[in-house]
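Data first, discussion second: the structure below is written as structure tokens.
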Amino acid sequence: MQGRLSAWLVKHGLVHRSLGFDYQGIETLQIKTEDWNSIAVILYVYGYNYLRSQCAYDVAPGGLLASVYHLTRIEYGIDQPEEVCIKVFVPRKNPRIPSIFWVWKSADFQERESYDMLGISYDNHPRLKRILMPESWIGWPLRKDYIAPNFYEIQDAH
């Protein structure tokens, strides 16, 4: 089933993949990494002027990483603003996504947190550095294949 935004993107020849709708009826789209920068600008001009949140997750151990963007069209006098969820998938080996900081400034700390926890590098981000972990920390703590340094599990402890 194709949503309103997906139909608009198809009409204008913009490449994407519809992932359906979430439990609240919010349309979810997948955008290729190489198309994300231009489509982000297009979505902003189209009216998605508010980045509600950006987060990232590890899809599967050894698999892809995903960067997720929740965008909203904020307009005067509208009680139920239109929303969309955008997902950009990248390989875990050298995961790079264009930063959308220059489109939505609120992506600043959110992209930094995704970098810090999962190692996704956001190209052209002005201050991409660790925000939660110390700079000396090795690895990406929220990856499913992450092994904590100096961690010894106590087995059969009663």
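The values are calculated or read from the model by the stated rules, or taken from the named source; none is laboratory data. Here the structure is a predicted model, which means the values were calculated and not measured. Please note: Cβ atoms are built from the backbone with ideal geometry, for glycine as well, and neighbour counts cover all protein chains shown. Surface accessibility is based on the protein's heavy atoms, side chains included, excluding ligands, DNA and RNA. Shrake-Rupley method; radii C 1.70, N 1.55, O 1.52, S 1.80 Å.
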With θ taken as phi - 60° and the coefficients 6.51, -1.76 and 1.60, list the Karplus ³J(HN,Hα) couplings across the range 52-65 in order, rounded to whole Hz; mark glycine and proline as x. 5, 6, 10, 8, 9, 8, 8, 5, 7, x, x, x, 6, 10
If you stretched the chain out fully between Lys32 and Met1, how much longer would it get, using 0.36 nm times the residue separation minus the C-alpha to C-alpha distance? 9.2 nm
Under a cut-off of 22 Å between alpha-carbon atoms, report the lysines in cross-link reach of Lys32, not counting same-chain residues fewer than 8 places apart. Lys11, Lys87, Lys93, Lys105
What FRET efficiency, computed as 1/(1 + (r/R0)^6) with R0 = 30 Å and r the Cβ-Cβ distance, is obtained for Asn150 and Ser53, rounded to the nearest 0.05? 0.35
Calculate the spin-label point distance for Asp123 paired with Asn94, positioning each point 7 Å from the Cα along the beta-carbon direction, and give it in nanometres. 1.1 nm
With a 1.4 Å probe and all protein chains left in place, how much of the accessible area of the range 4-141 comes from carbon and sulfur atoms, in whole percent? 55 percent
From the phi of every residue in the range 136-149, what ³J(HN,Hα) in whole Hz does the Karplus formula 6.51 cos²θ - 1.76 cosθ + 1.60 yield, where θ is phi - 60° and glycine or proline is x? 7, 5, 9, x, 10, x, 9, 6, 5, 9, 6, 10, 5, x
Amide H neighbours of Tyr50 under 5 Å, counting only residues 5+ apart in sequence or on other chains, H built in-plane at 1.01 Å? Thr72, Ile74
Take every DSSP beta bridge with both residues inside the chain and express the antiparallel ones as a percent of the total, to the nearest 5. 75 percent
Kyte-Doolittle mean at least 0.0 and Cα axial length at least 18 Å: DSSP H helices in the chain: 33-46
With R₀ set to 30 angstrom, the calculated FRET efficiency between the beta-carbons of Glu135 and Tyr44, to the nearest 0.05, is 0.40
What would the Debye equation give as log₁₀ I(q)/I(0) for the chain at q = 0.09, 0.12, 0.13 Å⁻¹, counting only Cα atoms as equal point scatterers? -0.34, -0.57, -0.65
Average accessible area per residue (Å²) across the range 4-141 - probe 1.4 Å, nucleic acids and ligands excluded: 54 Å²
